[in-house]
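Comments concern the structure below.
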Amino acid sequence: MKGKILNRSSTPDDAAHCLERLKSLNADNRRDVRVNLGVLKAARSEILSHVELNGKGVMTDMVLNALNNAITEGR
């Protein structure tokens, strides 16, 4: 059925399930981790190299800001 999109009505249970899944993913993404400073610097360098070749993506500035903050402030 090329070109056909299934259009299923969502239920309150679907919405609740999605919300719980988002909360779970968000909690995991906020978890503190320890990474060697050299790894952070290498990641930043690699991202900057990709930016020179391909340009910036949607999240590039946010990621670079977070890396720079972690490198300079240790957080």
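Can we say D28 is at pLDDT below 85, assigned to a helix (DSSP H, G or I), within 30 Å of E73 (Cβ to Cβ) and not β-branched (V, I, T)? Criteria met by D28.
Could you tell me which residue of region 31-64 is surrounded by the fewest Cβ atoms within 10 Å (Cβ to Cβ), considering only residues that are part of a helix (DSSP H, G or I) and of a type in the set (K, R)? Steps first, answer last, please.
To start, the set of residues in region 31-64 that are part of a helix (DSSP H, G or I) comprises 37-54, 60-64.
Right, trim to of a type in the set (K, R) and you get 41, 44.
Working: K41: 13, R44: 17.
Only one residue tops the list, namely K41.
Could you tell me whether S49 is modelled with pLDDT of 90 or more, among the small types (G, A, S) and more than 17 Å from the chain's Cα centre (by Cα)?
Yes: the conditions hold for S49.
The values are calculated or read from the model by the stated rules, or taken from the named source; none is laboratory data. Here the structure is a predicted model, which is why all the values come from computation and not from measurement. Note that we place each Cβ from the backbone using ideal geometry, even for glycine, and neighbour counts take in every protein chain shown.
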